[in-house]
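The values are calculated or read from the model by the stated rules, or taken from the named source; none is laboratory data. Please read these numbers as outputs of a predicted model, since none were measured by experiment. Note: ideal-geometry Cβ built from the backbone for every residue, glycine included; neighbour counts use all protein chains shown. Only protein heavy atoms, including side chains, enter the accessible area calculation; ligands, DNA and RNA are left aside. Shrake-Rupley method; radii C 1.70, N 1.55, O 1.52, S 1.80 Å.
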Amino acid sequence: MELEKSEIALIIEKVLKEINERELKPKNSDGIFYNMNEAIEAAYRAQEKLVEISIEQREKLIASMRSAILENAMSIAKLCVEETGMGRVDHKYLKLKLVAEKTPGTEVLKTTAYTGDKGLTLIEMAPYGVIGAITPVTNPPDTIACNSIGMIAAGNAVVFSPHPSAVECSLAMIRILNKAIIEAGGPENLITTVSKPTIESTDEMMNHQKVKLIVATGGPAIVKKVLSSGKKAIGAGAGNPPVVVDETADIKKAARDIIAGCSFDNNMPCIAEKEAIVVEKVYDELIRQMKANGNVYELNDKEVEKLMKVVLTEEENKATKGCDIEERNKKYMVNKKWVGKDAAVILKEIGVVPPKGVECLICTVDNEHPFVQEELMMPILPIVKVKNVDEAIKIAVKDEHGNRHTAIMHSKNVDNLTKMARAINTTIFVKNAPSYAGIGFGGEGFTTFTIAGPTGEGLTNAATFTRQRRCVMVDGFRII
């Protein structure tokens, strides 16, 4: 039976497509796959092998991953800035170094035992299996590295869905980590992803039967999406961290710490100081000390107006369309083009010659200003003057928007610190230090780049990525 020309053409097209797809598939075990199903299946097989090895051997895999992160931190930091156009190479290097040195491993996996007349009961931390993880454009390789250490330490494999604007640096980190695992004697493809992540591939990952836990680090939209997936989900959402300064603070230190935190990686971390609320008694002195640091530029009112037109966009309320412009209810949106840009670059855009070494722009505004109410993620610090500490705390709670993420306070008054801690109710509350002390950088405690405020897990670690299992033996192993 002869085939029609159109049928022959369809067959040829199908064959060529299959050949093309085979060529696009990885020819080694670096964890990068052409489609999401392949990535998940490979991770599933790898996790089956992982649970067969000892905890001691698992820790050797983690140690190898830590070494690989440190060895490649500078090259990954450079690639990340080149690809995304966001942040600073020196600070991204420091974040990766922090991940390698202070992300917990298997040591946080604790077994609980109950013994008595009826025998022995053990409660152990067991892996979920395959975890699906969604990572942001703001902290891509450090989130991948941090999640990978914690999830593998817990006995899981992980399938990542990186942000499409940070694909290359994300894939590079995944390749590096897989290589380190294999060199330490671990299974191939414990960490996987697709070569071209899309919304569709993310949806496929979330809905796949073999993905048992979903972890999302990003904005409110993606957190809402994973919480609606019908699966166990951990969501690390946005923040708008306020910093309060009262009249008892060490003003010189507060000025230095606030600028250091706000300008770190150009304000990209979700924990960074986004607005300052300062009591009037020390307001002028704080501004003076900030400017004395030599890396701060104070914007005047006209420059603030110009800057608003650059870093924000206006979205009119459709219900007021047709009204006079003054009467329209407008909502300001962050212009993503300027997220994570250097202070000098932002200044040039509004026609200001940037002073040498400028890292942060400060401005005096009222509390309803969009620079205060919107999370800019730029090295711009709006500063609000208030009468007293009670007003400052009240305003800080409002500006944090109920995210329960991070807040900072500079004060030597224990009562004031306690009052704010109780009122703000954030996952992280930093006292008398830059915001990044809250994730172990210059402060005590472990680090993480997945801070699960919306779902309540807090600062995640290997224990977060486990499920509890109970093993009961009756009338046995009772030795007293």
Distant-in-sequence amide H partners of Phe33 (H built 1.01 Å from N, under 5 Å): Thr193, Val194, Ser195
Which parts of the range 443-480 would a label at Thr111 reach, counting a residue when its backbone N lies under 20 Å from a point 7 Å out along Cα-to-Cβ? 462-480
Selected from Phe446, Gly119, Ile182, residue furthest toward positive end of dipole (the chain; charges at beta carbon): Gly119
Does anyone have the angle between helix 389-399 and the longest principal axis of the chain? Alpha-carbon axes, 0 to 90°, nearest 10? 40
Between Asp90 and Lys231, the FRET efficiency computed from the C-beta separation at R0 = 41 Å comes out, to the nearest 0.05, as 0.60
Run the dipole for the chain about the Cα centre, Lys and Arg Cβ at +1, Asp and Glu Cβ at -1, nothing else charged, and hand back the magnitude in debye, nearest 20. 780
Inter-label distance for Ser195 and Lys281, nm, one decimal - labels placed 7 Å from Cα along Cα-to-Cβ: 6.5
Sum -39500 (n - 2.57) across every DSSP H segment of at least 4 residues in the chain, then divide by the residue count to get the 222 nm mean residue ellipticity, nearest 500. -13000 deg cm²/dmol
Accessible area of His163 in the full protein assembly, 1.4 Å probe (Å², nearest 10): 70
Computed label-point distance, nm, for sites Gln209 and Gln468 using a 7 Å Cα→Cβ extension: 3.0
Within the range 32-111, DSSP-loop trypsin sites (Lys or Arg not before Pro) with at most 15 other C-beta atoms within 10 Å are Lys110
Between helix 55-84 and the chain, what is the angle of the helix's C-alpha long axis to the longest principal axis, kept within 0 to 90° and rounded to the nearest 10? 50
Say the cut-off is 28 Å between C-alpha atoms; which of Lys95/Lys341; Lys110/Lys224; Lys306/Lys336 go over it? Lys110/Lys224
What angle, in degrees between 0 and 90 and rounded to the nearest 10, separates the Cα long axis of helix 251-263 from the longest principal axis of the Cα atoms of the chain? 40
Averaging sequence separations of C-alpha pairs under 8 Å and six or more residues apart, then dividing by the length of the chain, give the relative contact order as a whole percent. 20
Want the number for Lys118 to Thr418: 0.36 nm per residue separation, take away the alpha-carbon distance, what's left? 103.5 nm
Please give the peptides 448-460, 225-237, 268-280 ranked by average Cβ packing (other Cβ atoms within 10 Å per residue), highest first, as a rough proxy for protection. 268-280, 448-460, 225-237
